[in-house]
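Taking it in order: structure first as structure tokens, then the write-up.
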Amino acid sequence: MPTAPPPTRDAAVEARVFWERFKAQIAAVLILALLATVGFGGYMLYSERREVAGSAALAGAKTAPDLRSVIERYGNTRAAANAYLLLADAERNEKKFADANATLQVFIDKYPKHELVTTARVAMAANLEAMGKSDEALALYQRTAASYPNSFNAPLALLSQVHLLRIKNKVEEARMVCEKILTDYRDSYWANEAARQLRVLKPPPSVAKPAPAATIPQLLAQPSPPAGAPAPNAPAAPPAPPTPERTKPK
């Protein structure tokens, strides 16, 4: 028994039906996409203008208050990030090491992915050294070198440990740090500096001690002479001259 062919569908009719059913939703999606595009473009334009304005303000900043103004007005821009570093450097030059470290810590917290984070950490360690906090400085150098081994500041953080270890009389640890630099950064400025430090750390040549005098065994030693007896092989004492006789007076 022959079967009836399936009914044909007109694509244009189906599209029209689909549009009539969902035209409100489609229009809403298109409007949202358009608004998102316009908003993103406006944000990019705004951000670009802020970056340009921040860079111009940073270029004209000459004092610490000027740098603080850049940070306040152009936060979350590259200009503001650089202003933190310049402000910390200005505070260090004024011997305000604690203030400089506080500024650097804010920079690290606010821009943890910045390419100069390791520079800020090394600068903080140097400030701790200047404040006489050598233990804290050494620990920060060590953490920086361990946490950022591929950073351009890693060899500096390693080499900066050497003189602190020398001060603490940890010569062997200092030698190990120099050898690590020679291994990881060979044929570089840092390797040359590490080699120079190794020459300084080289222990002085040991002074040869004189050989102990040979001792004669007790049984072969010549017995000591009795008291009052002449020493063996010693020349005999010459006889005493005769005493002249006294003549009696007549």
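No lab work stands behind these numbers, since they all come straight from the coordinates. Note that the structure is predicted; figures quoted are calculated from it, not measured. A quick note on method: Cβ atoms are made from the backbone with ideal geometry, for glycine too, and the neighbour counts reach across all protein chains shown.
If every alpha-carbon in the range 153-194 counts as one equal scatterer, what log10 I(q)/I(0) does Debye give at q = 0.22, 0.26, 0.30, 0.31 1/Å? Summing over Cα pairs of the range 153-194 leads to -0.61, -0.81, -1.00, -1.04. In the calculated pair distance distribution of the range 118-203, what percentage of Cα-Cα distances lie above 21 Å? Distances greater than 21 Å cover 25 percent of the Cα pairs. What FRET efficiency comes out for the pair His163/Ala102, r = Cβ-Cβ distance, R0 = 25 Å, nearest 0.05? After rounding, the FRET efficiency stands at 0.45. Checked against a 31 Å cut-off, the cross-linked pairs Lys96/Lys180; Lys110/Lys133; Lys62/Lys180; Lys62/Lys113 give Cα-Cα distances beyond that limit for Lys96/Lys180; Lys62/Lys180. The equivalent ellipsoid of the range 86-158 has semi-axes of 19, 15, 9 Å, largest first, where each one is the square root of 5 times an eigenvalue of the Cα gyration tensor.
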